[in-house]
Amino acid sequence: MTISEEAAKAKFSFCVKEIKRYNDKWKKIIENDINVQLIIKTKSECLNLESDLKVNYLLSGDPDGSLYEIYTVNKDIITDLLVEIEEILIVKTKEETVSTNNSSRNFENKNNLKLPKLELPVFSGDLSAWLSFKEIFINAIDKNYELSETAKLSYLISSLKGDPAKLISGFSISDENYKQAWETLLNRYDDKRNLANSLLSKFINAKPTKPNNQKSILDLLDTYNLAIRNLKSLKFQFNEFVNLILVFIVQEKLDESLRKQWELSLDSEKFPTYDDLVSFIEKHARSIRNANSDHLTSRDCISRNIQSRDMNKYSAKKNTVVHNTVVNKSTRNKCILCSENHPIYKC
């Protein structure tokens, strides 16, 4: 295992510990009066943790296949946690009302208050990332009545790049321009039909799996799961018909060998569900990891045997040379008169 793989494995282990910590922490949070800002902060950190878990698992190489089961279990845990956080966040956002005395707060004091430390996502125009960005920005900034409109516009500008940044680049930073800038952004990107089309495009254009390539399989599943999560947030219903179409689209992205194995695993009497397909693909990915682990182990054994054989040859050759040198030197110094080991002139 290389140094970079060892580092990735250490970071992967840290992510696993953090997931357990966040899962326990969330259980304690929901037992108390939940603060929306705390929920948003937890969600943002969990999203980063989900990404770090996958990246470090892939970078670790997992030479003996022991990390795959840990990866899938913790990926499910963090996914379920994010779904629960999302549900609570929606409820709390609807329940929150602005108290009547908020509007009478002193403007100067309001500007002096700072937003709780939170890394906001950056939106660059990718429609598949818009819903998550909008939700976090609204709850963390737009509905934060501790902030002035000027401060909100500053946060908005700093959270955009590319085309979205150009779209509102003409607005000077002032209280009057915040709502207009935000509405301009909503008019361009907050279109349910375009958002749905973008997510469906992710389905259609997802990269097919490569034969015996675990990374391509995990990437495919992550692409579809993210799109499904966003479509559900748009209030689309996932009935039996949608499930049938979804299974068809995903199985068309499987390589020929994997597709054949999937067909052989099916019961001709019933239609498979999307969850059935996901379970099958994850098992296949696990088998690839285990097979690669066995191959690497065999190759390492062969390499060590070759190295050991070469070292034995070298040691034998070295001992022969030393022995011959000693013998030759001893014979060369032997006296022909008395057979002792000294030159003849000393006899």
*Using r as the Cβ-Cβ distance of F14 and K215, and R0 as 25 Å, what FRET efficiency do you calculate, to the nearest 0.05?*
0.70
*For K25 and E119, calculate 0.36 nm times their separation in residues minus their Cα-Cα distance, and state this gained length in nm to one decimal.*
31.9 nm
*Along Cα→Cβ, 7 Å out, is where each label goes; now give me the distance between the ones at R229 and I138 in nm to one decimal.*
1.8
_Extension gain (nm, one decimal) between N32 and V91, 0.36 nm per residue minus Cα-Cα_ = 19.7 nm
*What are the ³J(HN,Hα) values, in whole Hz, obtained from phi via the Karplus relation 6.51 cos²θ - 1.76 cosθ + 1.60 with θ = phi - 60°, for each residue of the stretch 64-80 in sequence order, with x given for Gly and Pro?*
9, x, 7, 8, 4, 4, 5, 4, 5, 4, 6, 5, 5, 4, 5, 5, 4
*Counting other Cβ atoms within 10 Å of each Cβ, which chymotrypsin sites (Phe, Trp or Tyr not before Pro) in the stretch 156-239 have at most 12 and sit in a DSSP loop?*
F238
*Could you rank the peptides 52-63, 21-32, 211-222 by their average count of other C-beta atoms within 10 Å per residue, with the highest value first?*
52-63, 211-222, 21-32
*Once both labels are modelled 7 Å past Cα along the beta-carbon direction, what's the I70-N197 spacing in nm?*
4.6
*With 20 Å as the limit, write out which pairs from K92/K202; K54/K207; K43/K166; K75/K270 have Cα-Cα distances beyond it, or answer none.*
K92/K202; K43/K166; K75/K270
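Since every read-out is calculated from the coordinates, none of them should be taken as a lab result. Being a predicted model, the structure only gives us computed values, none of them experimental. Using ideal geometry, Cβ is built from the backbone for each residue, glycine included, and neighbour counts are taken over all protein chains shown.
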